[in-house]
Amino acid sequence: MSISTTALDRRSAVKIAAAASLLAAGGACIFMVDAAHAEDEGRAEGGRETGPYAGRVGFLVKPHNCLNCQACVEACRKFNKTPESRPARRHITKYEKDGEALFVSTSCMHCEEPACASVCPAGAIKKAEDGVVYVDKDRCIGCKYCYQACPFGVPTYSSAAMDKCDCCTLGGTRPGNAPRCAEACKFGALHFGTVDELLAQCPDAKVVEASTKPSFYLA
């Protein structure tokens with residue numbers, strides 16, 4: 001497997017390792033979640049959430065369905081009024097396996113234990129009851145500690161504050177409804193919902209493993 005990237009930083013390596021393990025399996029629905037993760041969430045038999053994270057939302061990505069049409073990126077940029085001069089909250093990374101191009105759409109992983117929130121000295125990064133991690137821009141002081149802490153390099157910055165995916169909730173999307181990126185995908189490559197819903201769709205989906213416990217699944 002070769003990655004079509006010329007320069008990789010530590011955060012890129014984390015994302016590539018996750019995608020590489022998926023692609024090495026030929027894109028089949030596989031699931032890798034450590035026992036401690038399941039116990040922490042009080043997961044009952046059958047994969048249903050019963051503990052404090054019941055109802056937690058996340059994303060499920062199916063790289064073999066993605067055509068790199070960029071509809072999810074453009075929908076995100078338009079709804080959140082992200083100018084072309086700044087990175088969009090969502091982006092697509094290209095990988096190659098046996099000469100085949102595969103694309104993975106990512107944004108904030110909305111981790112169960114977000115490192116960004118734990119290091120924020122201003123208390124600007126918060127976590128909603130459904131697990132969506134969002135930024136109170138009025139409190140952000142632009143220290144960039146969150147960027148240093150995030151294993152995926154998600155936070156970006158404007159002159160006003162840090163910026164990242166909030167599942168479109170601060171823009172007016174009702175909690176629990178699909179954000180604009182998932183709505184825009186017409187090829188079944190990007191899905192949003194509760195963990196129960198995502199695992200019902202693909203019971204053996206592979207959770208991206210990291211110490212922050214991302215709510216991001218690959219199938």
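Give the residue that is nearest to Leu199 (Cα to Cα), with candidates limited to residues of segment 69-90 that are buried (at least 16 other Cβ atoms within 10 Å of the Cβ), without any contact (Cβ under 8 Å) to a residue 60 or more places away in the chain and out of contact with any Cys (no Cβ under 7 Å at 6 or more places or on another chain).
Gln70
Can you tell me which residues in segment 99-121 are free of Cβ contacts under 8 Å to residues at least 40 places away in the same chain and assigned to a loop (DSSP other than H, G, I, E, B)?
Gly99, Cys120, Pro121
Mind checking whether some residue in segment 191-205 is among the small types (Gly, Ala, Ser), part of a loop (DSSP other than H, G, I, E, B) and either open to solvent by less than 10 Å² (accessible area, probe 1.4 Å) or closer than 15 Å to Tyr134 by Cβ (or both)?
Start the filter on segment 191-205 by keeping residues that are among the small types (Gly, Ala, Ser), which leaves 193, 200, 205.
Those still in the list that are part of a loop (DSSP other than H, G, I, E, B) too: 205.
Keeping just the survivors that are either open to solvent by less than 10 Å² (accessible area, probe 1.4 Å) or closer than 15 Å to Tyr134 by Cβ (or both) gives 205.
Within segment 191-205, one or more residues are among the small types (Gly, Ala, Ser), part of a loop (DSSP other than H, G, I, E, B) and either open to solvent by less than 10 Å² (accessible area, probe 1.4 Å) or closer than 15 Å to Tyr134 by Cβ (or both).
For segment 122-138, indicate whether the set of residues that are of a type in the set (Gly, Ala, Ser), open to solvent by 30 Å² or more (accessible area, probe 1.4 Å), closer than 24 Å to Leu60 by Cβ and in a helix (DSSP H, G or I) is non-empty.
No; the residues of segment 122-138 include none that is of a type in the set (Gly, Ala, Ser), open to solvent by 30 Å² or more (accessible area, probe 1.4 Å), closer than 24 Å to Leu60 by Cβ and in a helix (DSSP H, G or I).
Need the failing condition index for Gly153 against (1) within 19 Å of Val208 (Cβ to Cβ); (2) touching a helix residue (DSSP H, G or I) at 6+ places or on another chain (Cβ under 7 Å); (3) buried (at least 18 other Cβ atoms within 10 Å of the Cβ), just the number.
Every listed condition holds for Gly153 apart from (3).
The values are calculated or read from the model by the stated rules, or taken from the named source; none is laboratory data. Keep in mind that what you see is a predicted model, and the values were worked out from it rather than measured. Here Cβ is always computed from backbone atoms with ideal geometry, including for glycine, and neighbour counts include all displayed protein chains. With ligands, DNA and RNA removed, areas are computed over all heavy atoms of the protein, side chains included. Shrake-Rupley method; radii C 1.70, N 1.55, O 1.52, S 1.80 Å.
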